[in-house]
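Single-structure report; data block below.
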Amino acid sequence: MAESFKYSGNKGHGGELHQKASDEHPTMTTAQGCPVSDDQNSLRAGKRGPGLLEDHIMREKIFHFDHERIPERVVHARGYGAHGYFETYDTLEDLTCADIFQRKGEKTPVFTRFSTVAGNKGSPDLARDVRGFAVKFYTQEGNWDLVGNNIPVFFIQDAMKFPDLVHSAKAEPDRGFPQAQTAHDNFWDFVSLSPESMHMVMWAMSDRAIPRSLRFMEGFGVHTFKFINAKGDEKYVKFHWKPKGGMQSVVWNEALKLNGADPDFHRRDMWESIGNGGYPEWELGVQVFDQQFADEFEFDVFDATKLIPEEQVPVKIVGRMVLNRVVDNFFAETEQVAFCTQNIVPGLDFTPDPLLQGRNFSYLDTQTKRLGGPNFTQIPVNAPKCPMRHFQQDGHMAMQNPKGRVNYEPNSWSAGENNPRECPAHGFKSSSEQMSGDKLRYRSDTFSDHYSQARQFYLSQTEVEQAHIQSAYVFELSKVEHVPIRERLVSHLLNIDETLANKVAEGLGLQEMPDPAEAAMPTRKDLPVSDALSILKNAPNTFKGRKLGILVSDGFDADIFESVTNALKSEGANFEIIAPQVGGAKCSKGKHFKADQVINGGPSVLYDAVLVLTTEEGAEKLAAIAEAKDFVSDAYAHMKYIGYTNEAKPLFKAAGLDGKVDNGWIDLEAHSADKFINTLRNLRFWKR
Ligand code: HDD
């Protein structure tokens, strides 16, 4: 991906041309194609005189610059996209006539954008937040946008509440902060007054909201959709993305430090993974069920605050998505990509889920505003890759007006490429459903259980994960200034799990335990634990796609370095060298290695595990560098595996780690590189 680099000096004075067009550089022009002779100096009256309005070249350049920004997305402003393909594992023709699922092995191009929800475009990647997971499939029968999240449920049940939810989560309007954080009064005030949000809030307080990498998280279509086959048979379906690399998250203290060390941590990781050929991959799974299941299920399948446990309806894997190409231009593609939940294709349909119904208006509306008119569908990243034939025309930036005389129908002009007709046999058909009832604003009683699945989620976590949830609530609520809001939230937790409520109340130092919140329905205590809901119970047991940080100084052990880096390569893992100088260090055999990071630029939070290779003298020197001490003490505090040799001990001692050796430390003189990698496959030493 690296560009070739050649410095062509620009002295910037003397009125001469410094960067001439040549065989290597074509002539620069204006947007109108007029060749530019001088791009350094504006037109002026006299050598030291005022500028001239006549300077059409400067005016055009500055005018265009002034218009470079478009409105950022009102939510999911910060995102990162990549191209790839979806491969269908097998035909699903018995379930759906969607063209993308008809042929085994067929590859369909996709564009996928991941995002955080609350922060602005420039906010840090490791905010505690839901991650957007939006996929545009360019199928042969139109674009299908599966606009999901990395959490399978949503905060609210009705789209009517979306503006309130988002207003409450974003920076408070009078002060303009906090940025990219829900840890403030407005958010917790809103959710504590909206018991329907309690299930998703629980997910947001879990490790799901601080993924290690966008590559290591699941994705969900959230809503129940419909599959319709060629005979018109209907089934309900929920979509799941399962990361091939397994799930993995960071710990909160690590997230806070990562945001300082590398605010672009997730996008850089995506960029690097695609660049080095470690293509991120997910499998698409479907939970398919019929009306009878929907009628018998404990909850309403049209309620987006509920999920269907995988143990109840297994996820059938139907294909895989591989992201293998970064964008050519971030603005053109990642910024201008316009996802719309209304973009579905024959063989799929919506359900009456009131959140989905509202979304189907919102996305089209927002894209029109964001991208300036109805022709955003003609921007290459949004344009379908199958033929489009219709009589829509004109509008801002219309680039694909229909050719010829016909722009209406019915018409009596002869058939041809420019005279399409509707096709009852193959065209999109909405599923037929009987509707009746009064016109009313109403929340169905079947949507009233707000706590049972929150409880099920919490109880399905490992102890480590439960502890993370407890401290996440304490952290967030401790940033809330108004004690009654804290208490109100704890009153909901009492309806979910008493131990959790007590831990949070204790962590907050609440003076008095509130009464449990009034509940529309009692919490069900009979829902079984669902292991699929835990990250740690589904640990991937691999170090593939992960990164080891190797802290070295002059004289570091060449043999250990070589055997570890070879073992990493066979695992499909990466490493970076961190040294006192970015120029690098010499190994014990005298060979010089360039460093990837200088110590204060490569803190251990950037890595999944660390290795320290130094000499005793080197360790003494490292012991005097604050960032080197942080490197190892943070790795220890974040439950990371630490590879070392005895020479490094002075550094560990200076970092306060004397006597702290546990099974998460691997002595590379006593153990082979293979044993080291084998241990790293556990990803963290949680027992610490
Ligand atoms: Fe949304 C963007 C996901 C509810 C209105 N949403 C947006 C994106 C994702 C989601 C991933 C970013 C797409 C991209 O990368 O460009 N949103 C969801 C999920 C929801 C959800 C999974 C619940 C199941 N959203 C939701 C509701 C509404 C919106 C209920 C409005 C009533 N969402 C929007 C939006 C955005 C958006 C305002 C902002 C920018 C954009 O659409 O393109 O229209």
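The values are calculated or read from the model by the stated rules, or taken from the named source; none is laboratory data. Remember, it's a predicted structure, so these values are computed and weren't measured experimentally. So basically every Cβ, Gly included, is an ideal-geometry build from the backbone, and we count neighbours across all protein chains shown.
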>> Looking only at region 350-367, how many residues end up being of a type in the set (D, E, K, R), closer than 13 Å to Gly221 by Cβ and more than 6 Å from the ligand (Cβ to nearest atom)?
In response: 1
> When you scan region 154-239 for helices (runs of 4 or more DSSP H) that lie fully inside it, which ones turn up with 2 or more residues that are within 13 Å of the ligand (Cβ to nearest atom) and modelled with pLDDT of 95 or more?
Replying inline: 162-169, 198-204
>> Looking at region 498-510, I want the residues that are at pLDDT 95 or above and have a partner that is not in a helix (DSSP H, G or I) with Cβ atoms under 8 Å, at least 6 apart or on another chain. Which pairs are those?
In response: Ala501/Met513; Asn502/Met513; Ala505/Met513
> On the given criteria, is Asp531 under 30 Å from Val313 (Cβ atoms) and surrounded by fewer than 19 Cβ atoms within 10 Å (Cβ to Cβ)?
Replying inline: yes
> Considering Arg389, Arg370, Arg421, which residue is of a type in the set (Lys, Arg) and crowded, with 16+ Cβ neighbours inside 10 Å?
Replying inline: Arg370
> Got a number for residues in region 132-148 being in contact with a helix residue (DSSP H, G or I) (Cβ under 9 Å, 6 or more places away or on another chain) and within 8 Å of the ligand (Cβ to nearest atom)?
Replying inline: 2
> Is it the case that His76 is more than 30 Å from Arg215 (Cα to Cα) and either surrounded by 10 or more Cβ atoms within 10 Å (Cβ to Cβ) or out of contact with any His (no Cβ under 9 Å at 6 or more places or on another chain) (or both)?
Replying inline: no
>> Quick test of your reading of the structure: Asn646 fulfils all but one of (1) buried (at least 19 other Cβ atoms within 10 Å of the Cβ); (2) in contact with an Asp or Glu (Cβ under 8 Å, 6 or more places away or on another chain); (3) under 19 Å from Val564 (Cβ atoms). Name the failing condition by number.
In response: (1)
> Do we find a residue being under 20 Å from the mean Cα position of the chain (by Cα), closer than 18 Å to Arg78 by Cα and in the same structural domain as Gly275 (by TED's automatic domain parsing) anywhere in region 232-250?
Replying inline: no
> From Phe293, Phe339, Phe331, which residue is within 12 Å of the ligand (Cβ to nearest atom) and of a type in the set (A, V, I, L, M, F, W, C)?
Replying inline: Phe339
>> Quick check on this structure: which one of Gly656, Gly618, Gly584 is over 29 Å from Ile535 (Cα atoms) and surrounded by fewer than 15 Cβ atoms within 10 Å (Cβ to Cβ)?
In response: Gly656
> If you check every pair at least six apart or on different chains, which have Cβ atoms under 7 Å apart with a residue in region 93-108 that is in contact (Cβ under 8 Å) with a residue 24 or more places away in the chain first and a residue that is among the basic types (Lys, Arg) second?
Replying inline: Leu95/Lys235
> Tell me, which strands (runs of 3 or more DSSP E) wholly within region 577-688 include 1 or more residues that are more than 28 Å from Pro211 (Cβ to Cβ) and in contact (Cβ under 8 Å) with a residue 60 or more places away in the chain?
Replying inline: 609-613
> Limited to region 103-143, what total is found for residues that are in contact with a Gly (Cβ under 8 Å, 6 or more places away or on another chain) and of a type in the set (A, V, I, L, M, F, W, C)?
Replying inline: 8
>> Given (1) over 17 Å from the mean Cα position of the chain (by Cα); (2) of a type in the set (D, E, K, R); (3) under 26 Å from Thr88 (Cβ atoms), identify the lone condition not met by Asp189.
In response: (3)
> Would a scan of region 386-408 turn up a residue that is part of a loop (DSSP other than H, G, I, E, B), more than 16 Å from the ligand (Cβ to nearest atom) and of a type in the set (Phe, Trp, Tyr)?
Replying inline: yes
> So is Val464 outside any loop (DSSP other than H, G, I, E, B), outside the structural domain of Thr182 (by TED's automatic domain parsing), surrounded by 13 or more Cβ atoms within 10 Å (Cβ to Cβ) and free of Cβ contacts under 8 Å to residues at least 40 places away in the same chain or not?
Replying inline: no
> With Asp515, Asp526, Asp531 as the choices, which residue is in contact (Cβ under 8 Å) with a residue 24 or more places away in the chain and more than 33 Å from the chain's Cα centre (by Cα)?
Replying inline: Asp515
